[in-house]
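Accompanying notes for the structure given below.
The values are calculated or read from the model by the stated rules, or taken from the named source; none is laboratory data. As the structure is a prediction and not an experimental result, all values here were calculated from the model. Note: ideal-geometry Cβ built from the backbone for every residue, glycine included; neighbour counts use all protein chains shown. When the accessible area is computed, the model is the full protein with side chains, heavy atoms only, and any ligands, DNA or RNA have been set aside. Shrake-Rupley method; radii C 1.70, N 1.55, O 1.52, S 1.80 Å.
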Amino acid sequence: MRLLTSIKLSSYIIATCIPVLAFGLSFDENFDNYEKFSTFHESTFNQNVNSSDAVIWESGVRVKIVPLDGSVEWIEEPINGSVKNPAIGEASQPDEGTCSDCALRFRYTGSTSLSEDAWAEQRFKLNPTHLGGKKGLKEIWLQYDQYIPNNFHYRDTNPESSNWFGGGEKVLSLFADDYSDTNPTFIIGRLMRRADKDDPTRADSAYPDFNFSFQDPYDETKRRRFGIRGNLDPEVRLIVPNVDKGYWQRRTLHIKMPTDAESNDGIIEFWINRRVGEPDSVVEKIFDFQNGNFYGGDQNYINKGYLLGWSNSGFNEDTVFLIDNVLITDNPDDIDKDALTQSAVQNYPPNPPNAIQVD
């Protein structure tokens with residue numbers, strides 16, 4: 001059904017074949033060589049628990065593997081395949097019945113009722129056999145491509161509310177062992193800003209929201225503590241509608257857990273490469289935290305996560321996102337560095353590709 005993904009184990013093998021003590025893990029997945037329209041939570045994909053894969057794909061909700069060499073169901077516009085991440089090797093020739101250019105399709109069911117939420121997510125975990133006796137990674141890089149559909153629309157489920165922000169959806173989450181209040185749990189979400197609803201240049205913009213919660217090491221009741229919480233500069237956006245709709249983004253997240261409870265040296269960085277592969281692409285750094293105090297005690301690591309997730313605002317119509325070229329590593333040398341090089345000039349909207357200049 002599927003060929004093995006490219007896996008690099010820098011902790012076990014180096015060019016000279018001399019074992020080293022440093023721990024390393026790198027995993028990449030472009031979703032090629034799978035059967036079309038298969039899902040990870042089917043029994044055939046649960047067989048990889050003890051396989052050589054460094055990452056185990058667990059349960060999914062409204063997620064399927066779809067080919068990008070034709071029309072994608074639930075998306076009206078034609079889809080260009082995501083640009084190959086230079087850090088991910090070319091796939092082998094697929095078997096009959098599989099596809100050579102695939103992606104994960106996340107479908108949020110639409111509804112005209114403003115009280116209807118929506119849900120689509122894919123969970124994953126680091127394979128314990130690749131952790132060298134460790135429970136997880138103290139430093140992790142996650143890089144992937146996401147397609148933003150043309151029909152993306154941020155609806156307001158409570159238009160009369162005076163709240164500055166409304167609605168909200170999960171972007172991704174990383175955590176230790178289990179998703180919970182007291183286990184170290186990092187969440188990126190996106191919100192709509194009500195002040196932008198009637199502004200044609202900003203309507204449907206998605207703004208970043210985030211938190212990192214963990215068990216308070218100084219509280220005997222073991223209550224949740226937020227090491228970092230809040231949203232950013234109102235000019236910083238996850239989705240810029242007139243730039244991102246109908247294009248791929250390359251997203252990169254870097255988390256380094258603090259050394260100890262007093263060090264406050266945790267790091268959270270998040271970049272978006274908009275219109276990846278296009279002549280008018282642009283790279284922005286969305287998060288840049290260098291003094292994090294989210295020490296996790298005996299759970300000071302990351303070993304699980306999920307892509308996308310719950311939508312509190314839902315969607316008016318079926319809305320589909322695509323994710324491709326997922327790379328998880330603790331070695332920054334493994335990722336596409338161009339997606340981290342922030343553009344000096346960020347003009348919105350950029351000129352369309354091959355635009356005709358009129359004198």
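Points worth noting:
- Residue within the stretch 111-120 that is within 17 Å of the chain's Cα centre (by Cα) and touching a residue at least 12 places away in the same chain (Cβ under 8 Å) present: yes
- Residue, modelled with the lowest pLDDT, within the stretch 207-223, restricted to residues that are within 14 Å of residue 293 (Cβ to Cβ) and surrounded by 15 or more Cβ atoms within 10 Å (Cβ to Cβ): 216
- Yes/no for residue 109 being modelled with pLDDT of 90 or more and surrounded by fewer than 21 Cβ atoms within 10 Å (Cβ to Cβ): yes
- Residue ID - modelled with the lowest pLDDT, chosen from residues in the stretch 271-300 that are open to solvent by less than 20 Å² (accessible area, probe 1.4 Å), in a strand (DSSP E or B) and more than 15 Å from residue 143 (Cα to Cα): 292
- The lone exception for residue 237 - which of (1) in a loop (DSSP other than H, G, I, E, B); (2) surrounded by fewer than 20 Cβ atoms within 10 Å (Cβ to Cβ); (3) at pLDDT 85 or above it fails: (2)
- Tally, over the stretch 301-331, of residues that are open to solvent by 10 Å² or more (accessible area, probe 1.4 Å) and not in a strand (DSSP E or B): 8
- Residue 172 under 30 Å from residue 139 (Cβ atoms), at pLDDT 95 or above and open to solvent by less than 60 Å² (accessible area, probe 1.4 Å): yes
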